[in-house]
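The values are calculated or read from the model by the stated rules, or taken from the named source; none is laboratory data. These numbers come from a predicted model, not from an experiment. With ideal geometry, Cβ positions are generated from the backbone for all residues, glycine too; neighbour counts draw on all protein chains shown. The protein model used for the area step is the full one, side chains on, heavy atoms only, and it has no ligands, DNA or RNA in it. Shrake-Rupley method; radii C 1.70, N 1.55, O 1.52, S 1.80 Å.
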Amino acid sequence: MLDFSLSPEQLELQALVRQFTKNEILPHIKTWDENHHFETGVIRKLAELGLMGVCIPEQYGGAGMDYNALAIVCSELEYGDTAYRTAVSVHTGLHSMTLLQWGTEDQKQRYLVPQAQGRALAAFALTEPDAGSDAGAIRTRAVRVGDEYVLNGSKLWISMANHADHLLVFATVNPALKHRGMTAFIVERNFPGVTTRPITGKLGIHGGDTGEVILEDVRVPVENRLGEEGEGFKIAMSALDNGRFTVAAGAVGLTRACLDASVKYALTRKTFGKEIGRHQLVQQMIAKMEAGLQISELLVYRAGWLKNRGVRNTRETSLAKWIAADTAFEAANNAVEIHGAYGYSNEYPVERFLRNARALVIYEGTREIHTIMQAEYALGFRQDKPLNRMLPAWNPEV
Ligand code: COS
């Protein structure tokens with residue numbers, strides 16, 4: 001049986017986050033974006049509402065809702081701004097859910113619980129100056145010395161680097177092993193040798209925190225290794241299965257923001273004696289946004305449905321991320337087009353949407369990576385097999 005409806009709890013959550021975005025983000029975002037300001041008060045308030053661990057089981061400090069509840073939170077937040085959805089993406093999608101999937105009970109108690117309760121902020125440190133799409137090429141080294149690992153290297157383009165308390169860091173214990181040498185570590189910001197600095201000059205997400213992480217002789221206890229030595233690539237890829245899901249869900253919110261802004265403008269602005277929404281070329285752009293919105297949403301909820309069932313969903317999540325991000329980018333570009341010269345000014349929000357949407361197409365797997373993955377699945381060159389550690393299926397009783 002197919003059911004396309006949201007549950008009463010999901011509808012309640014959607015209304016809650018929609019109101020939150022309207023009250024706490026939208027009135028300020030123009031100023032924050034102009035001033036390159038990330039407002040930590042938004043995160044504190046999200047935590048108070050239990051939204052920093054919405055799909056984490058209650059036994060680990062979360063709200064115990066399903067994985068599509070996380071999609072709802074991301075979509076509603078990105079309607080306000082990409083910066084706050086990105087914060088939830090790296091915190092819950094890339095870090096907390098990875099601890100839920102791969103962590104020991106001790107790691108869950110020490111790190112997942114404070115994250116889900118919103119007492120600690122988490123981020124994900126995979127990308128390096130010379131390793132983006134080719135994630136297996138990372139150079140950050142981890143050398144085991146007794147009961148510790150010593151980490152050295154640097155990470156780039158790390159969202160929330162300057163605010164996160166916990167970093168999920170990927171390093172190699174043996175570069176000759178390529179991706180099979182990769183190993184994951186939970187690193188606390190206050191471990192000696194960890195420094196971060198902001199990245200400036202970004203095209204978009206001006207209201208968000210992006211940074212560099214430098215690791216100099218950082219001593220990480222062996223209890224903070226996530227999974228086994230050499231399991232890091234699988235852990236990173238499975239984390240991206242969840243991170244990409246949150247990006248796709250956020251893209252749905254961004255497309256909806258583009259559509260709403262465009263409809264509002266098209267119903268008031270007049271040219272040639274009528275509202276521009278009466279002109280067929282404007283209607284074509286509006287129609288594409290509407291179609292893209294519906295398609296993206298269906299792809300996101302299908303991926304979430306698979307997660308709820310505890311089924312591997314790399315293929316479906318990659319498709320959702322690719323299509324939803326491309327859709328948001330096209331919608332933002334068309335929203336600027338519809339607004340004409342006003343669209344080029346920050347008097348209207350659509351120029352911010354366009355700058356922000358560009359990031360969605362790049363991070364958590366570029367358009368090119370997802371295109372190749374989808375071709376390989378279709379051609380039979382790539383297949384998803386169950387993993388030895390799956391993300392737990394959603395169980396409302398837990
Ligand atoms: N979950 C768990 N394991 C996975 C996995 C997933 N989603 N995807 C792949 N793996 C495993 C495979 O099973 C394989 O295991 P074995 O070595 O035991 O066979 C291993 O990882 C290698 O996988 P694969 O052969 O698919 O790797 P490829 O080099 O062909 O492709 C791509 C990897 C290009 C798809 C990958 O590197 C990628 O997604 N790159 C983009 C990285 C990215 O998104 N970076 C953004 C960082 S955050 S902004």
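List of remarks:
- Note that segment 55-61 has calculated 3J(HN,Hα) couplings of 9, 8, x, 4, 4, 10, x Hz, one per residue in order, obtained from phi through the Karplus relation 6.51 cos²θ - 1.76 cosθ + 1.60 (θ = phi - 60°); glycine and proline are x.
- Candidates per GluC sites (Glu not before Pro) in segment 222-269, loop by DSSP, up to 13 other Cβ within 10 Å: Glu228
- Taking only the Cα atoms of segment 123-229, the ratio Rg/Rh comes out at 0.97, with Rh defined as the Kirkwood radius.
- Here the accessible area is traced with a 1.4 Å probe on the protein chains. For the chain, carbon and sulfur cover 53 percent of it.
- Based on the convex hull around the alpha carbon atoms, segment 260-398 presents an average projected area of 11.3 nm².
- Only Lys, Arg (+1) and Asp, Glu (-1) charged, at Cβ; the chain dipole about Cα centre in debye: 660 debye
- When the surface is traced with a 1.4 Å probe over the full set of protein chains, Val90 keeps roughly 10 Å² accessible.
- Shape class of segment 1-110 from the Cα gyration tensor (axes a ≥ b ≥ c, square roots of the eigenvalues): oblate, since a/c reaches 1.5 or more and a/b does not exceed b/c.
- Taking 26 Å as the straight-line reach from the Cα of Lys385, the lysines in range (excluding those fewer than 8 positions away in the same chain) are Lys108, Lys178, Lys234, Lys307, Lys321.
- Positive-end ranking of Thr268, Leu215, Phe245 along the dipole of segment 185-291, with charges on Cβ about the Cα centre, is headed by Thr268.
- Heavy atoms of the protein chains alone define the surface here; on that basis segment 8-121 has 35 Å² accessible area per residue at 1.4 Å probe size.
- Per residue accessible area in Å² of segment 267-389, where ligands, DNA and RNA are left out and the probe is 1.4 Å: 55 Å²
- Its Kirkwood hydrodynamic radius, worked out from the mean inverse distance over all distinct Cα pairs, puts segment 271-338 at 13.5 Å.
- Rg over Rh for segment 113-153 works out to 1.12, both radii taken from alpha-carbon positions and Rh defined as the Kirkwood radius.
- Candidate residues Asp134, Asp81: accessible-area rank, largest first, probe 1.4 Å: Asp134, Asp81
- Remark: segment 8-121 carries a charge dipole of roughly 180 debye about the Cα centre, counting +1 on each Lys and Arg Cβ and -1 on each Asp and Glu Cβ.
- The H on the amide N of Tyr149, modeled in the peptide plane, is under 5 Å from the matching H of Val220, Val222, each at least 5 residues off or on a different chain.
- When the Cα positions of Thr98, Thr40, Ala63 are compared along the charge dipole of segment 8-121, Thr40 comes out farthest toward the positive end, with charges on each C-beta of Lys, Arg, Asp and Glu.
- For segment 179-244, the Cβ-based charge dipole about the Cα centre amounts to some 220 debye (Lys, Arg positive; Asp, Glu negative; other atoms uncharged).
- Among complete DSSP H helices in the chain, those whose alpha-carbon atoms stretch at least 27 Å along the helix's long axis and whose mean Kyte-Doolittle hydropathy reaches -0.5 are 232-268, 280-308, 314-339.
- Cα Rg over Rh - the chain, Kirkwood: 0.98
- Difference of contour (0.36 nm per residue) and Cα-Cα distance, Ala341 to Leu281: 19.9 nm
- Helical mean residue ellipticity (222 nm; -39500 (n - 2.57) per DSSP H run of 4+; nearest 500) of the chain: -14500 deg cm²/dmol
- Histogram of C-alpha separations across segment 241-283, 5 Å bin width, %: 6, 22, 19, 14, 12, 9, 8, 7, 3, 1
- Between Gln19 and Arg382, the modelled label-to-label distance comes to 4.2 nm, taking each label 7 Å out from Cα in the direction of the beta carbon.
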